[in-house]
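Heads up: the structure comes next, in structure tokens.
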Amino acid sequence: MPAADDEIEGLLRRLAPQVLGALVRRYGHFDTAEDAVQEALIAAARQWPDEGVPDSARGWLITVASRRLTDLLRAQAARQRREDTVARWVLPGDRLAPAADMAPADRDDTLILLFMCCHPALTPASQIALTLRAVGGLATAEIARAFLVPEATMTRRISRAKQQIKDSAVPFRVPAPAERPARLAAVLHVLYLVFTEGYTSTSGPSLHRSELAAEAIRLARVVRGLLPEDGEVAGLLALMLLTDARRAARTGPGGELIPMADQDRGRWNAAQIAEGVDLITGALARGPAGAYQLQAAIAALHDEAPAADATDWPQIVALYELLLQLSGNPVVRLNHAVAVAMVRGPHAGLDLLAGLRADQRMTADHRLPAVSAHLLEMAGDPAAAREAYLTAARRASNLPQQRYLNARAARLAGPQVIRPGDRVSGGEQSRAEGLPMADNIYSVSEIVGSSTEGIDDAVKGALSRASKTLRNLDWFEVSGIRGRINEDGGCYFQVTMKVGFRLEEPA
């Protein structure tokens with residue numbers, strides 16, 4: 001019976017890494033095997049909607065891909081060279097493999113493929129790109145867009161990674177017992193990095209990239225299915241689920257950032273929270289807790305609190321102190337300082353932050369001044385808090401974060417008197433020179449980030465923020481727009497306009 005297109009797409013996405021792993025295990029030739037698998041997937045996408053999904057979909061794909069791989073190898077070199085090359089890459093134990101057009105035994109090589117993509121010889125950036133390409137099934141263009149680099153750059157990165165794997169002659173097998181912990185740690189770290197980039201993107205106009213977070217969760221489920229007894233695998237999946245459960249409440253209608261304390265907890269995903277809590281509860285009961293398990297336990301305490309002021313901060317402090325024994329990550333120390341401030345007061349947290357300022361890893365990061373600003377505000381020092389918020393906004397590269405931090409700084413600036421001729425920008429003001437203005441006319445100049453097609457949005461954004469400063473807005477006139485396109489594809493517009501309000505505006 002023909003299947004729906006979305007069902008077939010989901011099935012092909014799940015089977016793709018298994019088929020690629022089977023071909024690489026048998027023949028080697030990572031590059032060529034991947035091309036063959038892609039052609040098999042295209043053939044399935046064309047035939048299965050009309051003819052129905054075969055009884056053994058995986059076997060069908062392996063058979064078609066194996067035949068295509070044989071054709072590609074034959075086209076690349078003379079028959080003898082191809083046979084010699086294949087013989088060198090096939091492991092001794094696999095040399096009596098069945099013919100290429102016979103369905104092989106049911107074996108899932110996804111985990112081995114993940115180990116190969118996360119080989120320690122590769123850089124973290126290459127590990128991520130290759131994992132998303134070979135195991136996640138994302139197109140090179142999709143990966144390039146996700147990490148805001150040109151497609152040609154990502155193509156070169158993936159090609160170099162494949163060549164490094166080929167040159168290293170890594171055998172296609174599960175790593176030896178002595179190698180396995182480090183290799184599995186690399187796999188989990190890559191999945192964690194992919195999820196982190198999806199949950200809070202490092203740059204661009206959106207706070208998150210949901211497709212990356214979803215792909216990281218899917219791959220973590222795959223690893224969990226292959227290693228069901230591993231506590232850190234369960235911990236990582238639990239951490240992802242418990243964190244992603246809050247995604248819908250993290251932004252407002254206009255895409256603005258909403259901090260956890262102000263989020264509508266009714267919008268959190270209850271099913272993901274329940275699954276994550278069950279996972280981490282079971283993992284912690286089996287033995288010593290690793291870093292991902294401890295982070296998941298912290299996330300569970302946040303998610304289970306019915307309100308922000310009901311959060312069990314003392315327990316969170318205790319968990320962070322255990323985590324600090326396992327990790328020297330400065331972000332862990334930063335979060336520990338926040339938790340301590342919630343238990344012992346803001347000055348205790350600020351004392352802990354003082355030791356982080358010398359850490360070179362935090363020099364350009366916006367999170368340290370952002371946390372400092374929050375604690376300074378709690379401590380009753382609005383002037384210092386405002387300066388720290390502005391510093392954090394300058395360092396942030398994600399637009400919703402920039403806007404949130406600038407808004408916090410503007411809120412601490414105190415009441416302002418706006419006079420005719422003043423230039424208004426996001427609540428700040430500076431004297432505009434040589435602008436003849438009437439009593440009810442102001443010049444507004446605002447720099448906003450948008451897409452390359454977002455001139456209208458830029459004007460609307462500047463006007464919206466002007467209307468929050470000037471009540472009874474009556475008319476506006478755009479006098480100039482200047483744009484600059486960045487390397488990440490984002491465009492930043494400076495919109496200059498005159499705005500007028502009704503004269504009955506009260507003093």
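Converting phi to 3J(HN,Hα) with the Karplus coefficients 6.51, -1.76 and 1.60 and the offset θ = phi - 60°, the stretch 211-228 yields 5, 6, 4, 5, 5, 4, 5, 4, 5, 5, 5, 4, 5, 4, x, 7, 10, x Hz in sequence order, with x at every glycine or proline.
Semi-axes of the equivalent ellipsoid for the stretch 371-412, computed as √(5λ) from the eigenvalues of its C-alpha gyration tensor and ordered from largest down, come to 17, 9, 7 Å. Across the stretch 318-380, C-alpha contacts under 8 Å between residues 6 or more apart give a mean separation that, scaled by the residue count, equals a relative contact order of 30 percent.
The figure for Val331 is an accessible area of roughly 40 square angstrom, using a 1.4 Å probe on the protein chains alone.
Solvent exposure of Asp365, expressed as accessible area, is near 30 Å², computed with a probe of 1.4 Å over the protein chains only. Note that the stretch 272-330 presents 46 Å² accessible area per residue, ligands and nucleic acids not counted, probe 1.4 Å. Couplings for the stretch 123-129, taken from phi via the Karplus curve 6.51 cos²θ - 1.76 cosθ + 1.60 with θ = phi - 60°, read 6, x, 4, 5, 4, 5, 4 Hz in order; Gly and Pro are left as x. When Thr196, Thr63 are compared by accessible area at a 1.4 angstrom probe, the order from most to least is Thr196, Thr63. Amide H contacts of Thr251 (H built 1.01 Å from N, in plane; Pro and chain starts excluded): Ile258 sit under 5 Å, all sequence-distant by 5 or more or on other chains.
Ligands, DNA and RNA excluded, the heavy atoms of Met378 present near 80 Å² of accessible surface to a 1.4 Å solvent probe. For the stretch 352-395, averaging the sequence separation of C-alpha pairs within contact (under 8 Å, six or more residues apart) and dividing by the residue count gives a relative contact order of 40 percent.
When all alpha carbon pairs of the stretch 199-332 are counted in 10 Å bins from zero, the resulting P(r) reads 12, 39, 38, 10, 0 %.
The values are calculated or read from the model by the stated rules, or taken from the named source; none is laboratory data. What you see is a predicted model; the values in this text were computed from it and never measured. What goes into the accessible areas is simple: the full protein's heavy atoms, side chains included, and nothing from ligands, DNA or RNA. Shrake-Rupley method; radii C 1.70, N 1.55, O 1.52, S 1.80 Å.
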